[in-house]
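*Asks:* This is the structure I have questions about; it appears just below.
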Amino acid sequence: MELKFENLSKQFGSVYAVNQITYSMKKGVYGLLGINGAGKTTLMRMLCTITRPTHGTITWDGKELSALGAGYRQILGYLPQDFGYYPDLSICDYMMYIASIKGIRPVMAKKRTELLLEQVSLSKYKKRKMKTLSGGMLRRVGIAQAMLNDPKILILDEPTAGLDPKERIRFRNLISELSDDRLVLLSTHIVSDIEFIANEIILMNDGKFLFTGTSEELTASMEESVWNCTVPKNEVEHYLRQYLVANVKTLSQSAELRILSGHPPTENAIRDEASLEDAFLLYFGEKGDDTIDTEV
């Protein structure tokens, strides 16, 4: 079980959305982490054969996807950021409709639908129309439809976008359960989505992989240290301009800052253990007005 791409590129005009990346994935959960516009969706669309590469090759167990044809799509499950559905169909009818598109026999489709809706905790809602579902319920239906053909490769593009913290936790647990004996590629710009479930983390920006490795290896790769310090409230702007600030907690007369720096930013600074969120900020952040979304 190996999904491999070599010198893979996708060019739109003069812009490379994916730029000469080489990587190999086997069984387990891979977290593709990057800010919006990093090239994550373009990469996933190529791995799903929706978009053709400009350059490079993609292989599954040594065979190019173009040669595998429909055989590859039979082992693939895909949840795009926005998946289409007929609003007046019930969850159950929608699942059976997708099963028919995937060529799954009705008897098997019914069994798989019942099993998957139970797995995503939607069995008691199976007669509800799709247009009545919450965002979290829709994403759970999305995962269920991606699993209908019991795929060996499961690709999920921003599956928790727009969900509240409780729904994100539910998703992480579900994805962890689904990762047995299959390859799961999960893209996100939210650190907590993959911090505890990814066997390997990939940082992507400007169409390239900046880092690949475990969460522990990522935090160990940081050259800067993490410091906690307290500063007067009127000096906060100065530190925001001069340093990568991971967090600001405002107090009555002062502020507690979490700063990434190669040296102590203040005399009272105390070194702290680095987190995955700190590493994300180091790779993608900027001094000053940082708008990266790293909240739970």
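The values are calculated or read from the model by the stated rules, or taken from the named source; none is laboratory data. Keep in mind that what you see is a predicted model, and the values were worked out from it rather than measured. Note that each Cβ is placed from the backbone with ideal geometry, even for glycine, and that neighbours are counted across all protein chains shown. What goes into the accessible areas is simple: the full protein's heavy atoms, side chains included, and nothing from ligands, DNA or RNA. Shrake-Rupley method; radii C 1.70, N 1.55, O 1.52, S 1.80 Å.
*Asks:* Being in a loop (DSSP other than H, G, I, E, B), more than 15 Å from Ile197 (Cβ to Cβ) and among the aliphatic types (A, V, I, L, M) is the requirement here; does Leu163 meet it?
*Replies:* Yes, satisfied.
*Asks:* Moving on to the next point. Among the numbered criteria (1) touching a residue at least 60 places away in the same chain (Cβ under 8 Å); (2) open to solvent by less than 30 Å² (accessible area, probe 1.4 Å); (3) closer than 30 Å to Asp164 by Cα; (4) touching an Asp or Glu at 6+ places or on another chain (Cβ under 9 Å), which single criterion is violated by Trp60?
*Replies:* Result: Trp60 fails condition (3) only.
*Asks:* Here's a follow-up. Conditions first: (1) modelled with pLDDT under 85; (2) farther than 19 Å from Val120 by Cα; (3) surrounded by fewer than 19 Cβ atoms within 10 Å (Cβ to Cβ); (4) not charged (D, E, K, R). His189 passes all but one, so which condition is the exception?
*Replies:* That leaves (3) as the condition not met.
*Asks:* Which residues, counting only those in segment 190-235, are over 26 Å from Gly56 (Cα atoms) and of a type in the set (Asp, Glu)?
*Replies:* Listed by number, the residues that qualify are Asp193, Glu195, Glu216, Glu217, Glu223, Glu224, Glu235.
*Asks:* Report the residue count in segment 179-196 for those that are more than 11 Å from the chain's Cα centre (by Cα) and in contact (Cβ under 8 Å) with a residue 40 or more places away in the chain. Walk me through it before giving the result.
*Replies:* Residues of segment 179-196 that are more than 11 Å from the chain's Cα centre (by Cα), as a first pass: 179-183, 196.
Remaining after also requiring in contact (Cβ under 8 Å) with a residue 40 or more places away in the chain: 179, 181-183.
Qualifying residue count, segment 179-196: 4.
*Asks:* In segment 198-237, what residues are of a type in the set (Val, Ile, Thr), open to solvent by 20 Å² or more (accessible area, probe 1.4 Å), farther than 21 Å from Ile21 by Cα and not in a helix (DSSP H, G or I)?
*Replies:* Thr230
*Asks:* Looking only at segment 13-55, filter to residues that are open to solvent by 30 Å² or more (accessible area, probe 1.4 Å) and of a type in the set (Ser, Thr, Tyr); which one of those is farthest from Leu3 (Cα to Cα)? Write out each step before concluding.
*Replies:* Step one: list which residues in segment 13-55 are open to solvent by 30 Å² or more (accessible area, probe 1.4 Å), which gives 13-16, 19-20, 22, 24, 26-27, 35-37, 41, 45, 49-50, 52-55.
Next, from what is left, pick out any that are of a type in the set (Ser, Thr, Tyr): 14, 16, 22, 24, 41, 49, 54.
Working: Ser14: 28, Tyr16: 22, Thr22: 11, Ser24: 6, Thr41: 17, Thr49: 13, Thr54: 18 Å.
My answer is Ser14.
*Asks:* Looking at segment 79-93, can you tell me whether even one residue there is more than 23 Å from the chain's Cα centre (by Cα), open to solvent by 50 Å² or more (accessible area, probe 1.4 Å) and among the acidic types (Asp, Glu)?
*Replies:* The answer is yes, given that some residue of segment 79-93 is more than 23 Å from the chain's Cα centre (by Cα), open to solvent by 50 Å² or more (accessible area, probe 1.4 Å) and among the acidic types (Asp, Glu).
*Asks:* Then there's this: For segment 161-170, which positions are modelled with pLDDT of 80 or more and either within 10 Å of the chain's Cα centre (by Cα) or buried (at least 19 other Cβ atoms within 10 Å of the Cβ) (or both)?
*Replies:* Arg168
*Asks:* Among the residues of segment 175-186, write down those that are assigned to a helix (DSSP H, G or I) and surrounded by fewer than 20 Cβ atoms within 10 Å (Cβ to Cβ).
*Replies:* Residues satisfying the conditions are Ser176, Glu177.
*Asks:* I'd like to know if segment 140-156 contains one or more residues that are crowded, with 20+ Cβ neighbours inside 10 Å, basic (Lys, Arg) and free of Cβ contacts under 8 Å to residues at least 40 places away in the same chain.
*Replies:* yes
*Asks:* Then there's this: Can you run down the residue pairs with Cβ atoms below 8 Å, 6 or more apart or on separate chains, where the first is in segment 76-89 and under 18 Å from Ala161 (Cα atoms) and the partner is aromatic (Phe, Trp, Tyr)?
*Replies:* Correct list of pairs: Tyr85/Tyr94.
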